[in-house]
Each structure stands twice: as C-alpha cells, then as structure tokens.
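Heads up: the structure comes next, in structure tokens.
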Amino acid sequence: MVKGSDVYVLGGLLAHDEAWSYRSLAERLHVPHPVVQRALERAKGADLYSVDSREVHLPHFEEFALHALRFVATARLGALTPGVPAAWAAEPMASAIRSSGGEPPPVWPYAHGRVRGQAIEPLHSAAPEAAEDWPELGEVLALLDSLRAGDARVRQVAGDLLSRMLRDRSAVASR
C-alpha cells in the first residue's frame, strides 16, 4: 500500500533534474536513506516508479495523483498555527488561485514558519524544512497538497497544473 511518505519521495524525484542516488535524494528530502529505499520499493509495487529507468512512471503517477491521492493521504485543514505556506497558498497555486483574503491560508506547521494559517499535515514531517531549501520540491508538494485538501475548484486547477508539469517533464525526457 502506498503511503503519504512514498508520494513525498516521488515528489522529490519529480523535482529532481539530475543524477541521483538514494543518499543524495534522502539528503535533499531531509530523510534517512532507508525511507527513500522503502518508498521506492512500495511505489514500484504500485507501478508508480520504474526501477529500470529510475524515474517516476508519469502516466500512472498522474492518474494516481488526480484520482486517488486524496483518499490515500487525506488532509484536513486544522487549527491556526505558524508555518510554511502550503497547498493553494504556495506557488504555483498561489498565482493560479485568487484567495478572497477572508480565510487563513493553509500552512505546514513549522516552528520557524513566517505565516500564520490553518494547519495541514504535510506528506512527510520533513517537508517544511526540505521545501525551504529546495523550492522546486515545494512547488510539486503544493500541487499535491491542493489535490489532497482543496475543494473541487482548487483540485481542478491543481490537476491542470500537475498534468502540464508532467507533460513538460515527459517531453524533456523523450528528447
């Protein structure tokens, strides 16, 4: 069974544009390398990751993210807390969705957070710190969190942006 932490590792692979090892990916994700190994083994079993190409299986990941992620890694907005902007409060969603300003933004709880908002549990507890060091990861996770916790309009926009990102990545890989 795929876990939220597995999706976090796959998000790291989607954000990664260079050669990687389990250790280098684990360092960038701020997790121990066995977390990466176990996540990719489970993802392989769900046909979301190809061991041969060492890449996310993009069509399967897209289908999973758009249609199953919110059921596998549920997310609900919680209490007000300091944190890091997440979901539709973070890029690229923040530019695509205009907030009414009346609701506090979704945030990953984080002691060094600069924004006060409604807590949303990240796919992995290391996400806030890793996303601060790796903005591309933060963008992938913002789309995934929007699919997990957003209403129908937010999920539609996130789905469109994720599909476009995956198509662009596939086009680059096929060159």
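Some notes on this structure:
- In terms of its C-alpha gyration tensor, the stretch 63-162 has a rounded overall shape, because the principal axis ratio a/c (a ≥ b ≥ c, square roots of the eigenvalues) stays below 1.5.
- Average Cα contact separation per residue, the chain, under 8 Å, 6 or more apart, as relative contact order %: 24 percent
- Helical runs (DSSP H, four residues minimum) scored at -39500 (n - 2.57) apiece and divided by the length of the chain put the mean residue ellipticity at 222 nm at -16000 deg cm²/dmol.
- Accessible surface of the stretch 63-152, 1.4 Å probe, proportion on carbon and sulfur as whole %: 50 percent
- Accessible area expressed per residue, the chain, with surrounding protein chains retained (probe 1.4 Å, Å²): 51 Å²
- Residue-wise HN-Hα coupling along the stretch 65-74, computed from phi with Karplus coefficients 6.51, -1.76, 1.60 (Hz; x: Gly, Pro): 5, 6, 10, 10, 4, 5, 9, 7, 10, 4
- Assigned charges on the beta-carbon of Lys, Arg, Asp, Glu; the stretch 37-149 dipole about Cα centre (debye): 420 debye
- Note on the stretch 38-99: Cα convex hull, mean projected area over all directions, 6.2 nm².
- Over all orientations, the chain has a Cα convex hull whose mean projected area works out to 9.5 square nanometres.
The values are calculated or read from the model by the stated rules, or taken from the named source; none is laboratory data. Just so we're clear, the structure is a prediction, and the values are computed from it rather than from any experiment. Heads up, the Cβs are rebuilt from the backbone with ideal geometry, glycines too, and the neighbour counts pull from every protein chain shown. Side chains included, ligands, DNA and RNA excluded: accessible areas come from the protein's heavy atoms. Shrake-Rupley method; radii C 1.70, N 1.55, O 1.52, S 1.80 Å.
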